[in-house]
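Undergrad: Input: one structure, supplied below.
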Amino acid sequence: MEKRRYYVSVQAKTIVPNQGDAPYELEIDATIDEKHRLERIFHQIDSYDEAAGIQTAFIIPITNWSQENNDGYDYFLKQAYAMIYELGTEETRAHIQQMKILK
């Protein structure tokens, strides 16, 4: 499959094909299937993020559930950065290395 350049914001969980479409932090070269896989990872992150928001809204004390939620969020965030690193431009890879998130 043919790869094309995408502009990624992990913070906003967006992947856009045109540089001016949305703010972005990182650049990747990916097939459409790879893009969709990264979008699914972002969706998983959102799921954990929303669950944490529900917990905070009702002021539920920290429990095993909340720790599991944090662990899930961290797992998928690392998965996203690992995939972005794999598909990233040299500048993207250098940025992720500086973050030291993949250790």
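Undergrad: Can you pull the one-decimal nm distance between simple spin-label points at D33 and R4, each 7 Å off the Cα toward Cβ?
TA: Distance between the two pseudo-spin positions: 1.8 nm.
Undergrad: So for the pair E86, M99, with labels modelled 7 Å out along Cα→Cβ, what separation do we get in nm?
TA: 1.6
Undergrad: If you don't mind, another one. Quick check: the distance between the Cα centres of region 74-103 and region 17-51, to the nearest angstrom?
TA: Comparing the Cα centres of region 74-103 and region 17-51, I get a distance of 13 Å.
Each value in this text was obtained by applying a stated rule to the coordinates, not by laboratory testing. Just so you know, these numbers come straight off a predicted model, no measurement behind them. Cβ atoms come from the backbone with ideal geometry, glycine included; neighbour counts cover every protein chain shown.
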